[in-house]
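**Student:** Before I ask anything, here is the structure I am working with.
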Amino acid sequence: MDGKVAYFGIASDALNYFERIGMTCAIHFNPADFLLALLSRDNETSKKILEEADRYKKFEIICGQCPLPNGQNGHYNHSYTNTSDADISIAELRTNGSAVSFDNICAVGMDTKDTSVHSHHTWPTSFWMQYRMLTWRQFRQSKGQILHKYEVIQSLLLATLAGILYFQTDYSYRTLRDKMGTIVFSVTYWGFNCIIATVTGFPAERGVIKKEREAGAYRLSAYYAAKITSDLPLILITPVLFYCIIYWMSAIGDGVLFAIFLGVNLLFCTVAQSIGHIIGTAIPDMKLSLTTVSFYMSFSLVFSGFLNTHLPNWIKWAKYLSIVHYAFGCLNILSTDGMPVLWCNTTSVELFPSCTANTTFVTISDVLKDSGIDCPYFCYIATLGILFIVLRVLGYYVMKWKR
């Protein structure tokens, strides 16, 4: 460092400071060794550290010259700063792209132990400005994680494999279970994928959000709205590619049905994402949250209507707790619409018990009812839509409760 200052501030804030400029100390790593290692890295790292130190020094000088309304001198807190994309967005949140008094900037960055300004904090920018900048930041941060090349390759390979297994399967009562298998595989795979991606992504942001909220950078509602909307297009890109492959290879239906099929599946993905937000927020422990996800999705698959078509009467109500059931039921109704009746004299009564009820044929509705699919398709779509809204609102209040 050639004798130049890399950090000047409270010792306990040093790790927070370097974390905020993109240099995180690993868990259980000696902080002293970490700081020494930073100073002996390549020239690019040293240059970045010095540039940030110079910038913060200017803020210290400005804040020290700005007396606050309560008569104290301003103090710029290193622990609330960040020079990455997050820093740029926070700076814009506070200034709104226009000239703002340094009193406000210094006051927002003050330590809570020095003043009570936080308890009377008024937001320096509008909700829309906070939402816009947080959405931009969240999109850039999440893009690499959600659209990781390995995740995309895995999804495309599985879609191709499933397409080969169910390639151009015709719609008949003989191959109906194969068609249903295609649908339940697609729905369950993306249910797991969306929930796990959401649950594992939130803990990494928890500490940053807490510090920025303590600094008065933005509203919790602005962050939550930005979080769910910025992640949405990223989470839905790969499923669209997945369904484009498996739908046409498996010959599930025509172009009109494809649009409906894709819409229902994407709605299901957003519901799964909503559940992931709630679990990730409510359960800080990663092991416990993943266990909860695994349990719920396994439960949801068991009661979807595909694995077990002869549930005891006392437990049949459990299917309504399964999000897989709603998507699975809707898609099967739509994809089998128009199938001809099955004459009882051409099949086994043991396979189709409806033939014993003084009838000469079986309809596709009778077969689907044996799998617990006994509601119109629009009821399943409406239920997914209601779940989406309710779970999004619930997710906000869980985050507010756990903040």
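**Student:** Could you tell me which residue of the range 207-242 is modelled with the lowest pLDDT, considering only residues that are among the small types (Gly, Ala, Ser) and open to solvent by less than 10 Å² (accessible area, probe 1.4 Å)?
**Tutor:** Here the residue is 215.
**Student:** Assess whether residue 245 counts as being open to solvent by 10 Å² or more (accessible area, probe 1.4 Å), touching a helix residue (DSSP H, G or I) at 6+ places or on another chain (Cβ under 6 Å), over 24 Å from residue 380 (Cα atoms) and at pLDDT 90 or above.
**Tutor:** It is true that residue 245 is open to solvent by 10 Å² or more (accessible area, probe 1.4 Å), touching a helix residue (DSSP H, G or I) at 6+ places or on another chain (Cβ under 6 Å), over 24 Å from residue 380 (Cα atoms) and at pLDDT 90 or above.
Condition check ((1) crowded, with 23+ Cβ neighbours inside 10 Å; (2) closer than 25 Å to residue 207 by Cβ) across all residues:
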| site | (1), (2) |
| --- | --- |
| 249 | no, no |
| 254 | no, no |
| 257 | no, no |
| 260 | no, no |
| 274 | yes, yes |
| 277 | yes, yes |
| 290 | no, yes |
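**Student:** Considering only residues that are open to solvent by less than 10 Å² (accessible area, probe 1.4 Å) and either closer than 23 Å to residue 309 by Cα or assigned to a loop (DSSP other than H, G, I, E, B) (or both), which ones fall in the range 191-206?
**Tutor:** 191 - this is the single residue of the range 191-206 that is open to solvent by less than 10 Å² (accessible area, probe 1.4 Å) and either closer than 23 Å to residue 309 by Cα or assigned to a loop (DSSP other than H, G, I, E, B) (or both).
**Student:** Looking only at the range 297-327, count every residue that is open to solvent by less than 50 Å² (accessible area, probe 1.4 Å), touching a residue at least 24 places away in the same chain (Cβ under 8 Å) and in a helix (DSSP H, G or I) and tell me the total.
**Tutor:** 9
**Student:** For residues in the range 1-38 being open to solvent by 80 Å² or more (accessible area, probe 1.4 Å) and in contact (Cβ under 8 Å) with a residue 24 or more places away in the chain, which is farthest from the chain's Cα centre (by Cα)?
**Tutor:** 4
**Student:** Of the numbered conditions (1) in a helix (DSSP H, G or I); (2) out of contact with any Leu (no Cβ under 8 Å at 6 or more places or on another chain), residue 261 fails exactly one; give the number of that condition.
**Tutor:** The number of the failed condition is (2).
**Student:** Out of the range 279-288, which residues are touching a residue at least 24 places away in the same chain (Cβ under 8 Å) and open to solvent by 10 Å² or more (accessible area, probe 1.4 Å)?
**Tutor:** 279, 282, 284, 286 - these are the residues of the range 279-288 that are touching a residue at least 24 places away in the same chain (Cβ under 8 Å) and open to solvent by 10 Å² or more (accessible area, probe 1.4 Å).
The values are calculated or read from the model by the stated rules, or taken from the named source; none is laboratory data. Small disclaimer: the values here were computed from a predicted structure and weren't measured. Here Cβ is always computed from backbone atoms with ideal geometry, including for glycine, and neighbour counts include all displayed protein chains. Keep in mind that these areas ignore ligands, DNA and RNA; they rest on the heavy atoms of the full protein, side chains included. Shrake-Rupley method; radii C 1.70, N 1.55, O 1.52, S 1.80 Å.
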